[in-house]
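Okay, structure first, notes after.
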Amino acid sequence: MNDERTTVSSGQARHYEVFLPLLLIIVTITAWFAFQTVQLAKERSSLAQLKAGQVQTLENAKKMRAQLDSIASGVAQLAQHGNADAKLVVKALRERGITLRSGKDDSKGPSQ
């Protein structure tokens, strides 16, 4: 009769020996996924805030680019009409690989 009890108790111990490690693995994996989800949500929120902060800077850059295109177009037109200083500016820019379009192609702006 003692042999039966030891067999039963060792069978139960073997059952618990597998259950506890599996439980720990499942809990650990679940905790890891929860941690990663929270971290990714925080990063996404931070990136959204950074993007929102750059909107004003981007708009200012577009305005400045439009002003630069307007000035470049005016210089190109002056050079076409014979202004010596404008011709020098256009020549210097061409030597550096920058060509200016006249006011006729104003929609494209200066090219590099």
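The values are calculated or read from the model by the stated rules, or taken from the named source; none is laboratory data. Everything numeric in this text was worked out from a predicted model, so none of it was measured. Glycine gets a Cβ as well: all are built from the backbone with ideal geometry, and neighbour counts include every protein chain shown.
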Against the condition modelled with pLDDT of 90 or more, exposed (fewer than 11 other Cβ atoms within 10 Å of the Cβ) and not charged (D, E, K, R), how does T6 come out, does it pass? no
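Could you go through the range 42-62 and let me know if any residue there is within 17 Å of I98 (Cα to Cα), in a helix (DSSP H, G or I) and not β-branched (V, I, T). It would help to see each step written out before you state the result.
Quick first cut of the range 42-62, residues within 17 Å of I98 (Cα to Cα) only: none.
No, the conditions are met nowhere in the range 42-62.
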